[in-house]
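Data first, discussion second: the structure below is written as structure tokens.
The values are calculated or read from the model by the stated rules, or taken from the named source; none is laboratory data. Note that the structure is a prediction, hence the values are computed from the model and not measured. Note that each Cβ is placed from the backbone with ideal geometry, even for glycine, and that neighbours are counted across all protein chains shown.
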């Protein structure tokens, strides 16, 4: 292999690893308080949540009060068990 091929393969590997570990700036240490987060914070901080779902989470919170559990979040329009499973370590209810 020539140096260009090795460089390409090395960069590709590190790019894929970085993307998988930290999509959209997410990391496992980052916690999102769903009772205080803004639409933007929910959008950027939770896997599988875009602006539409983030708005529904805030709207439901405003109408029904703070979330107490994952079961409360599961009542929100467009939120499902897959999204909640992806974010188990990120969601807090303080």
Exercise for the section: Considering (1) out of contact with any helix residue (DSSP H, G or I) (no Cβ under 7 Å at 6 or more places or on another chain); (2) modelled with pLDDT under 95, say which one residue 25 fails and leave the rest. Expected result: (1)
Handout entry: Residue match in region 47-64 (condition: part of a loop (DSSP other than H, G, I, E, B) and either in contact with a strand residue (DSSP E or B) (Cβ under 7 Å, 6 or more places away or on another chain) or touching a residue at least 40 places away in the same chain (Cβ under 8 Å) (or both))
Key = yes
Practice task
Check whether at least one residue in region 37-59 is at pLDDT below 90 and surrounded by fewer than 12 Cβ atoms within 10 Å (Cβ to Cβ), and report yes or no.
Solution key: no
Exercise for the section: State yes or no: is residue 10 modelled with pLDDT under 95, loosely packed, with under 12 Cβ neighbours inside 10 Å and touching a helix residue (DSSP H, G or I) at 6+ places or on another chain (Cβ under 8 Å)? Expected result: no
